[in-house]
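Data first, discussion second: the structure below is written as C-alpha cells.
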Amino acid sequence: MDRLVSCFSGGITGRAMAMMAIVVAVIGSGGCVSSLEAERMPGVNLSTLKSFYVRKLPADGRGIERLIANELTAMGKRASYGPEQRPAYPVDAIVTYQDNWMWDITMYMIALSISIRDPNNDVQLASGHSTRSSLVRKSPEEMVKEVLTKIFAAR
C-alpha cells in the first residue's frame, strides 16, 4: 500500500506541477502585453522642427498635454500647450494625442498615441504608439517619454 501511495502521489505531483506551469504560462502571457511603435512619413526630417504646440484633448483632465510639452522641452525643443486648434503664434508642428485608461486596482494608462502634424494643413508627419497592460504598466510620464523617443528615432 505504501508503495502504491508513493507512486501515485509522485505521479500526481509531477503532473500537477506540469499543469500548473502551463496554466501560469498561458495566464501570465495574456497579462504581460506591451508594444511600442513609431513611423515617420517619407521625406520628413523631424530634426528641423524646433517649436511645438501640444493641442489639449478636450476630455483630458489628467494633464497629458503638459507631460508631452515638458518632455519635448527636456529633449531640447520649445513646446507649449493649450486647448486651441492652432496657437496664436507660429510653430513648426502641432502635437495631438489620444490616451486610454484602464482600471486594475488603480487607474493606469494602457495606451498612448502621439501624432506630430504640419501646422498649416494638419497632415500627420510622424506618429508613435505605446500599449502596456497592467503587469508591465509605466507611469504616464514614462509612456510619454518612450513614445516621443521612439518617434524622433524612427526612420
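Rule-based calculations on the coordinates, nothing more; no lab input. Please read these numbers as outputs of a predicted model, since none were measured by experiment. Note that each Cβ is placed from the backbone with ideal geometry, even for glycine, and that neighbours are counted across all protein chains shown.
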Would you kindly calculate the mean projected area, averaged across all directions, of the convex hull enclosing the Cα atoms of the stretch 33-153, in square nanometres?
7.3 nm²
Using a 7 Å offset from Cα along Cα-Cβ at Tyr89, what residues in the stretch 114-155 end up with backbone N under 20 Å from the label point?
117-120
Nearest-0.05 FRET efficiency for Trp103 and Glu142 at R0 = 30 Å, using Cβ-Cβ distance, is 0.95
Pairwise centroid distance, computed over Cα atoms, of the stretch 123-154 with the stretch 42-117, Å:
11 Å
